[in-house]
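Read through the structure below, which is laid out as structure tokens, and then see the notes.
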Amino acid sequence: MMIGAQLHNGVPYHPSTPKKVWRKIRKTIIVDSRDRQMNAGSHPGSYTVTLPTIYQNVVAATLKTVELPLSFYQFSAAMNNVTLNFTYSTTYGTAGAPLVATLPDGNYSAVSLVAALNAALNTALTAAGGPTGALTCAYSSTTGKITFTGLTTFTLYLTPSTPISARGGNSLTVNYTTWWGLGYFLGFTAGTQTATANPAPATNYSLVGQFSANPFPTNYILLDMDTMNKIDETSIDDLKAWKVNGAFAKIPTQGNSGDFVFLTDTAAYQLNRAVYSPPISKLSQLFIKFRLHDGRVIDFNGVEHSFTIELEMLDNNFDEFSSVEFSV
């Protein structure tokens, strides 16, 4: 007979002592922008959702899938990249009061961008009494560059005019060397550029872009979820340390205007995964913002979206062993 053992129907046994242990459990949450709090200022690019329950002891979160509409405009007045200042000959416009060609808000291919710009140039020039079709531009599919051509001399005023205050919510006014306006996306460096006569026999004047045009510059957007963020960002123009824990996920946006981006994170190493130490004690809401690297919030033009996140949580529970151990 075993010393110290208790008997159950004549069989010796030792009662076990159940212990609480921390186990990781996973929970998948579908987030739909239509379920957002419809308060003032809420829209598909910036909103708050209340979760179906309070999730406790969250140690990690992963963006598993996303269905995101490419409905936001690459060129818009809000983005400050639809106007081009210019003068034509010595008669139409001055350096202090140039003519302004304005593109309609929207998305363009290289070909449609040039077509819209030609219409805008002609509208601005003829409104000032200038000749029709005297200043045009063309896109080269070989070089990727845009060339402006005029019947006489003309000048483009390509001055950066987008301050940080309009982009990241910062009160400082600093002009960036990239993404500063329409001229940048047309492939031109900032500054005043005057057309020169073409080699003899000179029949027109022209300006060629210094680098390739870029009609679809937004190749990724960031998902910002406030206290859930764990991705750091470097600084634009190396002006300062921009964002520590600034974003939750990076989402590529390759595709055509009007398409949806479908992203499924199935890699062995999860890029869009955040780990929290110490764990988030309680999680009941998500504060969601889709934005550019410079801080500007994406305007999806009212088109809704959804994404799926997976939470990993610590569950404080009893062990799974029987409360009775039999000895044989």
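Across the stretch 293-311, the number of residues qualifying as outside any loop (DSSP other than H, G, I, E, B) and farther than 18 Å from LEU63 by Cβ comes to 1. Quick one: would you say TYR73 is without any contact (Cβ under 8 Å) to a residue 40 or more places away in the chain and not hydrophobic (A, V, I, L, M, F, W, C)? In short, no.
Of everything listed in (1) polar (S, T, N, Q); (2) in contact (Cβ under 8 Å) with a residue 12 or more places away in the chain; (3) surrounded by fewer than 17 Cβ atoms within 10 Å (Cβ to Cβ), the single unmet condition for ASN107 is (3). Scanning the stretch 204-242 for residues that are within 30 Å of ALA134 (Cβ to Cβ) and either free of Cβ contacts under 8 Å to residues at least 12 places away in the same chain or in a strand (DSSP E or B) (or both) yields TYR205, SER206, LEU207, VAL208.
Out of curiosity, is LEU113 touching a Ser or Thr at 6+ places or on another chain (Cβ under 9 Å), buried (at least 19 other Cβ atoms within 10 Å of the Cβ), over 20 Å from LYS282 (Cα atoms) and in contact (Cβ under 8 Å) with a residue 24 or more places away in the chain? The answer is no for LEU113. Can you find, within the stretch 78-104, the residue that is surrounded by the fewest Cβ atoms within 10 Å (Cβ to Cβ) among those that are touching a residue at least 24 places away in the same chain (Cβ under 8 Å), hydrophobic (A, V, I, L, M, F, W, C) and out of contact with any strand residue (DSSP E or B) (no Cβ under 8 Å at 6 or more places or on another chain)? Looking at the filtered set, the residue picked out is ALA78. In the stretch 203-247, which residue that is of a type in the set (Phe, Trp, Tyr) and within 15 Å of LEU292 (Cα to Cα) is modelled with the lowest pLDDT? Residue satisfying both the conditions and the ranking: TRP242.
Which strands (runs of 3 or more DSSP E) sit wholly inside the stretch 1-115 and have at least 1 residues that are modelled with pLDDT of 90 or more? Output list reads 20-32, 46-69, 83-88, 99-102.
Scanning the stretch 282-301 turns up one or more residues that are more than 20 Å from MET225 (Cβ to Cβ) and either at pLDDT 85 or above or basic (Lys, Arg) (or both).
The values are calculated or read from the model by the stated rules, or taken from the named source; none is laboratory data. Predicted, not measured: the structure shown is a model, and the values here were computed from it. For neighbour counting, all protein chains shown are included, and Cβ atoms are generated from backbone atoms with ideal geometry for every residue, glycine included.
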